[in-house]
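*Asks:* Below is the structure I would like to discuss, written out as structure tokens.
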Amino acid sequence: MRRIRAAAAGAVTVSLLTAVTACGGGSSTGGGSDDSPKTLTYWASNQGASIEVDKKVLRPELDKFEKQTGIKVKLEVVPWSDLLNRILTATTSGQGPDVLNIGNTWSASLQATGALLPWDANNLAAIGGKDRFVDSALGSTGAQGQDPAAVPLYSMAYALYYNKKMFADAGIAKPPATWAELIADGKKLSKGGKWGLGAEGSNPSENIHHAFVFAKQHGADFFTAEGKPDFTNDGAVAGVQQYVDLMAKDRIIAPGNAEYAQNQSVSDFAKGKSAMLLWQSASANLESQGMSADAYGIAPVPVQSGTPGTGANVNSMVAGINLAVFKNTDNLDGARKFVKFMTSDAEQKVLNTAYSSIPPVKSAQGDASFNTAANAVLKDTLAQSAAALPQVADESQFETAVGTAIKGLFADAAAGRPVTTDSVKAALEKAQQQMPAK
């Protein structure tokens, strides 16, 4: 359930291409020649509690598609830890899947490689038209002024999940609305081997999403209006430090969370080891791990003060998964049919219900099954207080560089090394030096 990074092929650093070699149905000659019209290869991102959970969700739906069209879909669910390198290798080698999931924040970066099929008016018409999708989801499909590089599949937002019993036992009557309240509550809850808040300190994508929100709440961004990296401005430094300080200074996150990289904090929350969790559309994930829906509450992510809203009170990035097609697919017609199937009202209801996400398709989003209390928080966040990560060609390198810098800061915090304004600024300066030269 995650979002994500990718990079322009000409600007990929050596460290990003440590690579796992990609293989799949795409052709190195390209052109949509329909040489294998009865088969598609699909790389799905790991959205559920495990790869096996995703296979159980997706396989019956892919079988429906085969029954309707005669086209067999070869499914591979790729872990988030591997997905970036797999896609980058595919964009440079020309060998990859026909269709793949990408995090919506990657869209502009992958668009810049030229490897993805542009969703121009003709391609969009083949799946029912651009107007089927909500505007916030379309805003994270590529650079402004260009045809989308992908189409929205799942929409998500961050929320604060809290354990009702642990709150009641600690005498806490309501979820925190500000970070000061969260820290105060977290200290009451961090005792007896249990902790106030869970985090994924070794997960660069989680790190960058939270850093983006904290920076926004400090009135800052990581890029200038001209699209130039600006990682060391005062607001960005303050935002990153505030996030890492939840472990380093406030001590409401377990030091061991500095090593968490793939859903461990969700598992801890589901098992009652931590009382709060900041996560994207987590309900299905939690319930698949045995936590009943009435055991936890859902509230907006805290802000510095006041009520969430636009501007400085941004409390989520516009999260989500997009569906893309490699331009060199041998089965362009089949790939478009598959995208149409996956974004149909019927499949949007099935898939977004399974992943507790919000359909980005207007007609599906209006279905009564999505009008739950949990979804109300996510919908309101997406509509009122979420912001899209920068849709710039170097966005993926930014996510990797800054997310990895924060990973190092969490490692310092866990080891008892001081995390200071100077050390945060130095880490972000090093990250900025890794960005492609202009």
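*Asks:* Which of (1) of a type outside the set (A, V, I, L, M); (2) at positive phi; (3) free of Cβ contacts under 8 Å to residues at least 24 places away in the same chain does LYS188 not meet, given it meets every other one?
*Replies:* With (1) of a type outside the set (A, V, I, L, M); (2) at positive phi; (3) free of Cβ contacts under 8 Å to residues at least 24 places away in the same chain applied to LYS188, the lone miss is (2).
*Asks:* Inside segment 55-79, can you point out the residues that are in a helix (DSSP H, G or I), open to solvent by less than 20 Å² (accessible area, probe 1.4 Å) and of a type outside the set (Asp, Glu)?
*Replies:* LEU58, LEU62, PHE65
*Asks:* Further question on the same structure: Limited to segment 40-63, what total is found for residues that are modelled with pLDDT under 95 and of a type in the set (Ser, Thr, Tyr)?
*Replies:* Number satisfying all stated conditions: 1.
*Asks:* Being farther than 20 Å from TRP106 by Cα and aliphatic (A, V, I, L, M) narrows it down to one residue among ALA150, ALA170; which is it?
*Replies:* ALA170
*Asks:* Looking for whichever is closer than 30 Å to VAL134 by Cβ, open to solvent by less than 10 Å² (accessible area, probe 1.4 Å) and either at pLDDT below 95 or not in a helix (DSSP H, G or I) (or both) here; the options are GLU226, GLU206. Which one fits? Write out each step before concluding.
*Replies:* Numbers: GLU226 fails: open to solvent by less than 10 Å² (accessible area, probe 1.4 Å).
From the options GLU226, GLU206, the qualifying one is GLU206.
*Asks:* Evaluate segment 235-254: report whether one residue or more is more than 15 Å from ASN315 (Cα to Cα), in a loop (DSSP other than H, G, I, E, B) and open to solvent by 40 Å² or more (accessible area, probe 1.4 Å).
*Replies:* yes
*Asks:* Could you check segment 115-169 and list, in sequence order, the residues that are more than 27 Å from HIS210 (Cβ to Cβ) and among the aromatic types (Phe, Trp, Tyr)?
*Replies:* Once the filter is applied, which keeps residues that are more than 27 Å from HIS210 (Cβ to Cβ) and among the aromatic types (Phe, Trp, Tyr), segment 115-169 yields only TRP119.
*Asks:* Run GLN280 past the list (1) farther than 21 Å from PHE212 by Cβ; (2) open to solvent by less than 10 Å² (accessible area, probe 1.4 Å) and report the number of the one that doesn't hold.
*Replies:* If we test GLN280 against (1) farther than 21 Å from PHE212 by Cβ; (2) open to solvent by less than 10 Å² (accessible area, probe 1.4 Å), just (1) comes out false.
*Asks:* Looking only at helices (runs of 4 or more DSSP H) that lie completely in segment 289-399, which have at least 2 residues being within 30 Å of ASP98 (Cβ to Cβ)?
*Replies:* Result: 332-342, 345-354, 362-365.
*Asks:* So if I check each of GLY416, GLY334, which one is at pLDDT 90 or above and at positive phi?
*Replies:* Unique residue meeting the criteria: GLY416.
*Asks:* Continuing with the same structure: Does segment 348-373 hold any residues that are open to solvent by 30 Å² or more (accessible area, probe 1.4 Å), at pLDDT below 90 and not hydroxyl-bearing (Ser, Thr, Tyr), and which are they?
*Replies:* Across segment 348-373, the qualifying residues are GLN365, GLY366, ASP367, ALA368, ASN371, ALA373.
*Asks:* Can you list residue pairs whose Cβ atoms sit under 6 Å apart, with the first residue in segment 225-237 being at negative phi and touching a residue at least 12 places away in the same chain (Cβ under 8 Å) and the second being surrounded by fewer than 22 Cβ atoms within 10 Å (Cβ to Cβ) and of a type in the set (Asp, Glu)? Count only pairs 6 or more apart in sequence or on different chains.
*Replies:* Qualifying pairs under 6 Å: THR232/GLU429.
*Asks:* Here is a follow-up. Is it the case that some residue within segment 11-24 is assigned to a loop (DSSP other than H, G, I, E, B), buried (at least 22 other Cβ atoms within 10 Å of the Cβ) and either modelled with pLDDT of 95 or more or among the small types (Gly, Ala, Ser) (or both)? Please lay out each step first, then the result.
*Replies:* Filtering segment 11-24 down to residues assigned to a loop (DSSP other than H, G, I, E, B) leaves 12-13, 18-24.
Okay, now just the ones that are also buried (at least 22 other Cβ atoms within 10 Å of the Cβ), so 12, 22.
Checking which are either modelled with pLDDT of 95 or more or among the small types (Gly, Ala, Ser) (or both) leaves us with 22.
Yes: one or more hits.
*Asks:* Now for a separate question. Please give the number of the condition GLU52 fails out of (1) surrounded by fewer than 24 Cβ atoms within 10 Å (Cβ to Cβ); (2) among the charged types (D, E, K, R); (3) over 27 Å from SER356 (Cβ atoms).
*Replies:* So the condition that GLU52 fails would be (3).
*Asks:* Name the residue, out of THR105, THR91, THR113, that is crowded, with 17+ Cβ neighbours inside 10 Å, modelled with pLDDT under 90 and not hydrophobic (A, V, I, L, M, F, W, C).
*Replies:* Values: THR91 fails: modelled with pLDDT under 90; THR113 fails: modelled with pLDDT under 90.
Every option except THR105 fails the conditions.
*Asks:* From the set of residues in segment 294-317 that are at pLDDT 90 or above and of a type in the set (A, V, I, L, M), which is farthest from the chain's Cα centre (by Cα)?
*Replies:* ALA295
*Asks:* Filter segment 409-425 for residues that are outside any loop (DSSP other than H, G, I, E, B) and open to solvent by less than 60 Å² (accessible area, probe 1.4 Å); which is farthest from VAL237 (Cα to Cα)?
*Replies:* Checked segment 409-425; the qualifying residue farthest from VAL237 (Cα to Cα) is ALA414.
The values are calculated or read from the model by the stated rules, or taken from the named source; none is laboratory data. Since the structure is predicted, the reported quantities are computational estimates derived from the model, not experimental observations. Using ideal geometry, Cβ is built from the backbone for each residue, glycine included, and neighbour counts are taken over all protein chains shown. These accessible areas exclude ligands, DNA and RNA; they are computed on the full protein's heavy atoms, side chains included. Shrake-Rupley method; radii C 1.70, N 1.55, O 1.52, S 1.80 Å.
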